[in-house]
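Structure record follows, encoded as structure tokens.
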Amino acid sequence: MERSFRRLVIGLALGLAVAAVVASAASDCGYLSRLPSSATTFGCANCHDGASSYAVPTGAALNPFGVAFQQNGLLWDDTLAEANADGDGCSNGVELGDSNGDGTPDRNVTQQTTNPGVDGDCEAASTDEATWGALKSLFNTN
């Protein structure tokens, strides 16, 4: 009887330890809800190096966007949307599908296609400012 009780206690302790680790990893992604709703493609990897969509390895460092998000008070706004944390030529807002930082995905954006914390994954980086300005002027109705 004592042996069964001991096994039960050890089993419960291990279960609680595993639950605590899972909860800890999940809590690292707790700020994901503060980003635009389109930012779910990369999940935790938007801000953390080596993270998956829903888990952050223990001790994982923040990537450049994670640092910028933290320095902006964990607030998604126009300032953070207009910045280019990873230096790849695309604003954070373009990469997250919310170019003006209002928290609402841009028209026709259904999911995030690039990561604002990873340099070199934004295709628009190859379009220079003059070309982009010319393209935008074609649609300017003012």
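The values are calculated or read from the model by the stated rules, or taken from the named source; none is laboratory data. Since we're looking at a predicted model, the values are computed, not measured. Neighbour counts run over all protein chains shown; Cβ positions are idealised from the backbone, glycine included.
Against the condition at pLDDT 85 or above, assigned to a loop (DSSP other than H, G, I, E, B), small (Gly, Ala, Ser) and surrounded by fewer than 21 Cβ atoms within 10 Å (Cβ to Cβ), how does GLY117 come out, does it pass? Considered against the rule, which asks whether it is at pLDDT 85 or above, assigned to a loop (DSSP other than H, G, I, E, B), small (Gly, Ala, Ser) and surrounded by fewer than 21 Cβ atoms within 10 Å (Cβ to Cβ), GLY117 comes out as no.
Considering only segment 1-34, state which residues are aromatic (Phe, Trp, Tyr) and either assigned to a loop (DSSP other than H, G, I, E, B) or at pLDDT 80 or above (or both).
TYR31
Looking only at segment 51-73, residues that are within 12 Å of the chain's Cα centre (by Cα) and small (Gly, Ala, Ser) come to 6 in all.
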